[in-house]
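Inspection log for the structure reproduced underneath, given as structure tokens.
The values are calculated or read from the model by the stated rules, or taken from the named source; none is laboratory data. Remember, predicted model here, so these are calculated numbers, not experimental data. Cβ sites come from the backbone with ideal geometry, for glycine too, and all protein chains shown count toward neighbours. We work out accessible area using only protein heavy atoms, side chains counted, and drop any ligands, DNA or RNA first. Shrake-Rupley method; radii C 1.70, N 1.55, O 1.52, S 1.80 Å.
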Amino acid sequence: MAEETAVPAGLVVTRPIVVPPAPPPSSAAAARTMRANRRRDTAPELAVRRELWRRGHRYLVDATPTGTSKRRRADVVLRGGRVAVFVDGCFWHSCPLHLHVPKANRAWWEVKLASIRERDARTDAELLAAGWLPLRVWEHEAPAEAVDRIEAALAQHSPRGRGPADDAERWGG
């Protein structure tokens, strides 16, 4: 397990788990599957972005929220409300409903997936310390329900209580 350290604002973050070098793929099919994984513009992410756009929200894609590490990029950044949205894949981010650790190279995968969970926790703590609200959406969530959660968070977290209707009013639309 990772070692905990206290940081300002009473947040607790952990040091990164060191992941050993990846073992060779268990099969050619496994290698193809892993190579096919995209870092951005996945189908679930695009669906959430389309729904946000349809509802009148404007956002940055694959961006670093202001005041945070350049190595931490959110899938969707809603700057006005200071909300950073991550559309997490069930496998890579260990969804409690759908996680299954591969049988081949199981020990390595357990360490790898634990390191990703730790990184997510550190990212969330860094965002909170910088005044951002991190929101995690699972790939299996319906886009409309995910955007409902995002809008509820925007209403509560937005420094000015702004939403799409306020933007239209502000810009004379």
* Test: residue in region 88-110 that is closer than 20 Å to ARG40 by Cα and aliphatic (A, V, I, L, M) -> no
* Asked: If you check every pair at least six apart or on different chains, which have Cβ atoms under 6 Å apart with a residue in region 67-92 that is modelled with pLDDT under 90 first and a residue that is open to solvent by 40 Å² or more (accessible area, probe 1.4 Å) second?
  -> THR68/GLU126
* To do: Give region 1-36 a look and list any residue that's part of a helix (DSSP H, G or I) and modelled with pLDDT of 60 or more, or say none.
  => ALA28, ALA29, ALA30, ALA31, ARG32, THR33, MET34, ARG35, ALA36
* Enumerated strands (runs of 3 or more DSSP E) restricted to region 37-147, each holding at least 1 residues that are under 21 Å from VAL18 (Cα atoms) -> none
* Can you name the residue in region 145-165 that is among the small types (Gly, Ala, Ser) and buried (at least 16 other Cβ atoms within 10 Å of the Cβ) and, of all such residues, is modelled with the highest pLDDT? -> ALA146
* **Residues of region 50-77 classified as open to solvent by 10 Å² or more (accessible area, probe 1.4 Å), under 13 Å from the mean Cα position of the chain (by Cα) and not charged (D, E, K, R), total** => 3
* To do: Scan region 41-98 for residues that are farther than 15 Å from PRO143 by Cβ and of a type in the set (Val, Ile, Thr) and jot them down.
  => VAL61, THR64, THR66, THR68, VAL77, VAL83
* **Residue ID - farthest from the chain's Cα centre (by Cα), chosen from residues in region 120-158 that are basic (Lys, Arg) and within 18 Å of GLU45 (Cβ to Cβ)** => ARG149
* To do: Please indicate, with yes or no, whether at least one residue in region 26-49 is touching a helix residue (DSSP H, G or I) at 6+ places or on another chain (Cβ under 7 Å), within 18 Å of ALA146 (Cβ to Cβ) and either open to solvent by less than 30 Å² (accessible area, probe 1.4 Å) or of a type outside the set (Val, Ile, Thr) (or both).
  => yes
* Can you run down the residue pairs with Cβ atoms below 8 Å, 6 or more apart or on separate chains, where the first is in region 104-133 and within 30 Å of ARG79 (Cα to Cα) and the partner is open to solvent by 30 Å² or more (accessible area, probe 1.4 Å) and assigned to a helix (DSSP H, G or I)? => LEU128/ALA9; ALA129/PRO8; ALA129/ALA9; LEU133/HIS157
* Asked: With respect to LEU113, is the statement that it is open to solvent by 70 Å² or more (accessible area, probe 1.4 Å) and of a type outside the set (D, E, K, R) true?
  -> no
